[in-house]
Amino acid sequence: MSSTITGDRAAPRRRNALAPTIAILAVVMLLFILFARIWTDLLWYRSVDATQVFTVRLISTMGLFAIFGILMGAAAWINMAIAYRLRPRGAQAANSSSTLGNYRQLMERRPQLVIAVPSVLLAILAGAGAVSNVDLFLAWLNATPFGTTDPYFGLDVAFFIFHLPWWRFVVGQLIWTLIVALLAAAAVHFVTGSLRTSPMRVTSPAAGQSPEIKFSNPFTKNAQAHLSVVMGLIMLAIGVDQWLGRYVFSISDNDALFTGIGYTDDHARITAKMIMSIICLVCAIAFFINAKLRRWVLPTSAVALAVASSLIVQGAYPALVQQFDVRPNEPDRERPYIVNQIQATRQAYGVADVEITDYSARTTVSAGQLVQDASVLPGIRLMDPQVISPTFEQLQQVRGYYQFPDVLDVDRYTIDGQETDAIVAAREINVAGLPPANQSWNNVHTVYTHGYAMVGAYGNRRQPSGEPEWIVRDIPPVGALEQVQPRIYFGENTTEYAIVGTAEGLDPVELDTPGGGNDTGAGESYNTYDGSGGVPIGNIFTRALFASRFGNINLLLSSRVHSESKILFDRTPAERVAKVAPWLNIDKDPYPAVVDGRVVWIVDGYTTSDSYPNSQRVDLASATSDSTSSWTPIGTERQNVNYMRNSVKAVVDAYDGSVTLYAWDTDDPVLQTWEKVYPDMLHSVDEVSPDLMAHFRYPQDLFKVQRQILGRYHMTNPDAWYQQSDLWVVPEDPRSADTKEPAYYLSIKWPGDEMPVFSQTAVFVPNERENLGAYMAVVADAASPDYGKLRVLRLSDTHQVPGPNQTFNAIQTDQLVQQALLPFTSQGAAEPVYGNLLTLPLGGGLIYVNPIYTRGKTQGSYPVLRFIVVRFGDHIGLGSTLQEALDQVFEGDAGASTGEEEVNGGETPTTPSTGLAAVQQALQEAANAYTAADAALTRGDLGEYQRQIEIARQKLQDAQNAAR
């Protein structure tokens, strides 16, 4: 029997031990996962020489967690301990609930445990909530003055950007901590009997009398004194919050009119905040006095006064001022505040010095009209980076596991001593393009590890077939741009981690070139990564950490992960810059460039704030999204800003992933602040090589934000600003409804300038109208002394110039255009694809240039350039070359040459027509292409072979169309 009893007793013990064991194992696993994340992050930061960023942020995070966690834990612990110490003796029956009695017994037996457990939990929650404000803390700690004061409080702008957000967070945490401490203390008072839940007592009536209801104080005197002190501290903290709230009006929306202080804020709301701060102080004193008097009448009256005063001075009075004084006289009341708001907004977005010129755009034409603009015509971009991505894919993708972006990039290169705009793209790896059966872990992560080479085409040239004329093409790269290291391990679409490196004696496994790209000219070639980037994972412990991070056991089991292996992860340029510089907003259009023989990614970084006083707040998602790009946050980026500078130019090497940050706008106080936080991370712009400097350009997102701001803030007269009498808006893209027209990079010659310059341009239309209102451009060439110069041509209100949508409609409905497209579209074999509608200041007016492509409807078809349409005023010209279209517009002679005959090898493309001659011409061109293809195949040039075959196919299609 004894053995049975022993077994029965052991079973519960085993069952009771199971739950703690599972709990301990779960905690250990969670800690291991957390450690794996932290340690692998540290290894990543070491791999990019940014350990400082990791350590500063980790120490600051731990510090914030500890400070605010200890603050919360200590406040809860101390107040709960005080409440327990002040418990009434012999009051166990004060609250008769059996559940409450159990809690009371537990507290009596183990008071330290009952107090410690909730205090620790509250500390962890408070600490975890504080760590997200690490950037706020670091910026406050290293704040740099702006040297500019706001017009209402006389404080440096740095107070609003760096100090105010931090102190509001601290005060908010303090209020929350005191409220939690109050609730924790009240709970202990309730459990111990110091707080009764039934202060009302009904006495038994005497004969013939009604029952008498008596109210007693629900608190003991000690509990009342304790809680009064805590509530007094809460009122003090609220008073400080109200005092800081005065400054918040400088960065809050003013009745939807603008961001910043307005008349009602200045004359009612700010004063109300000050009054409420004083009233809160009075309430705090009343609570402190009540700790001695121990009567609730005084503090209750004070709180009632505070509530009533708040309703009146913060609610009713400002509403009355706004409704009955400001609204009927809004232009007059708000005028001085609008003046300050306009000035602050223009300063915050860097548009204070924009040059606005009234421009009487000519709309009439005459022969020789472009003679003064001869230098700009050869550089007019005809290739649309949004349209020709499929052309790049069909002619240069080579294999399905490579890819190009949907929208290519515009850059410029000096070829044979001549600077030219170029359409460029990196040929990145695309494992999704592999057949599903080949998407094994080994293939995805160890074989298909990198893309190969940057591809570029002239922006202003095309081949006779309508295809781009290549600057650099094929695998290995052939052309004018030498790429000594063409492999692309880091790219915009390279999101999978890769395992690289080969142990001594083993064959390489990373696919390098698919065929025709090695020394023998045939067969696939393989490569072993030997770059400095990546994290070594030679030991089993490190592999286990990464297996935990990526949730894949293959990192431990695969024989391809060995002592010489490295892991490449977080491989997109924007992601790498965002991790190295977490205080930046990242431009959404990183672009590749060949610099000193290496492919690099250039990424623009912005210092931003949402706290610049009296500056209009902008939603980046709305301001920067258009038909070619959309804004999505990376990490903890701000979406709503009212201050923005392009303070950093970042360069990410496409082979080794190294990140280099250049301090671009060194006058920016926000940048200076972060230089103090991370003193060794930013390089001087003097270290930029001439080759790299030639590829820096004015960033896209900043220009779009400035474009939106100038739509209204070009008006510096407060009355015009208020009435919106000259409001400009960005037109919709004519090719894509409900999306804004993008800004365009192209070389233009500004009226009065001698030579064209690489620029970023945009147009405005008047609000609710479609005629052209203004033309905006910024000098985008970083090597130019005028880099960043914003200029606007304001068009006449009395003499209308057609806008983009009006021009696009005129082009589509033009009889000459319709007739030219008819041979391609009549039988449904092809469809027209309209390119970007470029606007340039030429000939004393503004000229539109619109390339038109055709694209077949068969599998593998791609757009080829067929026509160029030009519109000046109401005059439209169409040609197979830009020169032909310009000459048609300007009475047979534009007055200057586009140079197309020279850049196309002396062969001028002719407009496709119908009839026997057209059929014969197309067949002859097809035969020539087949001959060229045979020659390319003989010498092993597979890229040229594929290109000539495609030309022949297209010419046969032209012959069919012409024969109909």
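If you check every pair at least six apart or on different chains, which have Cβ atoms under 7 Å apart with a residue in region 427-442 that is within 19 Å of Asn552 (Cβ to Cβ) first and a residue that is part of a helix (DSSP H, G or I) second?
Cβ pairs passing all conditions: Val431/Val444; Leu434/Asn443; Gln439/Val431; Trp441/Asn554.
Which one of these is free of Cβ contacts under 8 Å to residues at least 12 places away in the same chain and hydroxyl-bearing (Ser, Thr, Tyr): Ser747, Ser759, Ser725, Ser736?
On inspection, the qualifying residue turns out to be Ser725.
Which residues, taken from region 561-575, are among the aliphatic types (A, V, I, L, M) and over 27 Å from the mean Cα position of the chain (by Cα)?
The answer is Val561, and nothing else.
Looking at the structure I just gave you, is Val792 under 30 Å from Ala50 (Cβ atoms) and either among the hydroxyl-bearing types (Ser, Thr, Tyr) or in contact with a Leu (Cβ under 9 Å, 6 or more places away or on another chain) (or both)?
When the stated conditions are applied, Val792 does not pass them.
Only residues that are surrounded by 24 or more Cβ atoms within 10 Å (Cβ to Cβ) and modelled with pLDDT under 90: list them for region 819-865, please.
Of everything in region 819-865, just one residue is surrounded by 24 or more Cβ atoms within 10 Å (Cβ to Cβ) and modelled with pLDDT under 90, namely Ala830.
Among the residues of region 120-163, which ones are out of contact with any Pro (no Cβ under 7 Å at 6 or more places or on another chain), closer than 28 Å to Val580 by Cβ, aliphatic (A, V, I, L, M) and surrounded by fewer than 21 Cβ atoms within 10 Å (Cβ to Cβ)?
Ala128, Val131, Leu141, Ala143
Looking at Ala422, Ala361, which one is part of a strand (DSSP E or B), buried (at least 17 other Cβ atoms within 10 Å of the Cβ), in contact (Cβ under 8 Å) with a residue 24 or more places away in the chain and over 25 Å from the mean Cα position of the chain (by Cα)?
Ala422
Those residues that are touching a residue at least 40 places away in the same chain (Cβ under 8 Å) and touching a helix residue (DSSP H, G or I) at 6+ places or on another chain (Cβ under 7 Å), I need them from region 762-789; list them, please.
Ala762, Val763, Phe764, Met776, Val778, Ala782, Ala783 - these are the residues of region 762-789 that are touching a residue at least 40 places away in the same chain (Cβ under 8 Å) and touching a helix residue (DSSP H, G or I) at 6+ places or on another chain (Cβ under 7 Å).
With the checklist (1) at pLDDT below 90; (2) more than 26 Å from Gly828 (Cβ to Cβ); (3) in contact with a Gly (Cβ under 8 Å, 6 or more places away or on another chain) in hand, flag the one item Phe890 doesn't pass.
It is condition (1) that Phe890 fails.
Results for (1) touching a Pro at 6+ places or on another chain (Cβ under 6 Å); (2) farther than 29 Å from Asp958 by Cβ; (3) assigned by TED's automatic domain parsing to the domain that holds Leu557, shown as yes or no for each residue.
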residue: Leu434; (1), (2), (3): no, yes, yes
residue: Val444; (1), (2), (3): no, yes, yes
residue: Gly466; (1), (2), (3): no, no, yes
residue: Pro477; (1), (2), (3): yes, yes, yes
residue: Ala480; (1), (2), (3): no, yes, yes
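Looking at this structure, is Thr55 outside the structural domain of Ser250 (by TED's automatic domain parsing) and either of a type in the set (A, V, I, L, M) or in contact with a helix residue (DSSP H, G or I) (Cβ under 9 Å, 6 or more places away or on another chain) (or both)?
Values: outside the structural domain of Ser250 (by TED's automatic domain parsing): yes; either of a type in the set (A, V, I, L, M) or in contact with a helix residue (DSSP H, G or I) (Cβ under 9 Å, 6 or more places away or on another chain) (or both): yes.
Yes.
Exactly one of (1) in a loop (DSSP other than H, G, I, E, B); (2) surrounded by fewer than 20 Cβ atoms within 10 Å (Cβ to Cβ) is unmet by Asn443. Its number?
So the condition that Asn443 fails would be (1).
With a cut-off of at least 3 residues that are of a type in the set (A, V, I, L, M), in contact with a Ser or Thr (Cβ under 9 Å, 6 or more places away or on another chain) and closer than 30 Å to Val500 by Cβ, name the strands (runs of 3 or more DSSP E) lying wholly within region 616-705.
643-653
Of everything in region 444-470, what is closer than 21 Å to Pro486 by Cα and polar (S, T, N, Q)? Give them in sequence order.
Of everything in region 444-470, those that are closer than 21 Å to Pro486 by Cα and polar (S, T, N, Q) turn out to be Thr446, Thr449.
Between Ser119, Ser132, which is polar (S, T, N, Q) and out of contact with any helix residue (DSSP H, G or I) (no Cβ under 7 Å at 6 or more places or on another chain)?
Ser132
Mind listing whichever residues of region 424-453 are under 19 Å from Pro390 (Cβ atoms) and touching a helix residue (DSSP H, G or I) at 6+ places or on another chain (Cβ under 8 Å)?
Across region 424-453, the qualifying residues are Ala425, Arg427.
Name the pairs: first residue in region 255-272 and in the same structural domain as Trp243 (by TED's automatic domain parsing) and assigned to a loop (DSSP other than H, G, I, E, B), second residue among the aromatic types (Phe, Trp, Tyr) and surrounded by 16 or more Cβ atoms within 10 Å (Cβ to Cβ), Cβ to Cβ under 7 Å, at least 6 apart or on different chains?
If the second residue must be among the aromatic types (Phe, Trp, Tyr) and surrounded by 16 or more Cβ atoms within 10 Å (Cβ to Cβ), the pairs left are Ile261/Tyr152; Ile261/Phe249; Ile261/Tyr337; Gly262/Tyr337.
Quick test for you: out of Leu64, Leu31, Leu25, Leu42, pick the one residue that is touching a Phe, Trp or Tyr at 6+ places or on another chain (Cβ under 8 Å), part of a helix (DSSP H, G or I) and either farther than 30 Å from Arg543 by Cα or modelled with pLDDT under 95 (or both).
Numbers: Leu31 fails: touching a Phe, Trp or Tyr at 6+ places or on another chain (Cβ under 8 Å); Leu25 fails: touching a Phe, Trp or Tyr at 6+ places or on another chain (Cβ under 8 Å); Leu42 fails: either farther than 30 Å from Arg543 by Cα or modelled with pLDDT under 95 (or both).
When all the criteria are applied, what remains is Leu64.
Conditions (1) closer than 27 Å to Pro851 by Cα; (2) assigned by TED's automatic domain parsing to the domain that holds Thr391; (3) modelled with pLDDT of 95 or more; (4) of a type outside the set (Asp, Glu), marked per residue:
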{"position": "Ala425", "(1), (2), (3), (4)": "yes, yes, yes, yes"}
{"position": "Val431", "(1), (2), (3), (4)": "no, yes, no, yes"}
{"position": "Gly459", "(1), (2), (3), (4)": "yes, yes, no, yes"}
{"position": "Gln463", "(1), (2), (3), (4)": "yes, yes, no, yes"}
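Looking at (1) buried (at least 17 other Cβ atoms within 10 Å of the Cβ); (2) without any contact (Cβ under 8 Å) to a residue 12 or more places away in the chain; (3) among the charged types (D, E, K, R), which is the only condition Arg57 fails?
(2)
The values are calculated or read from the model by the stated rules, or taken from the named source; none is laboratory data. Keep in mind that what you see is a predicted model, and the values were worked out from it rather than measured. Don't worry about glycine lacking a Cβ; one is built from the backbone with ideal geometry, like all the others, and counts go over all protein chains shown.
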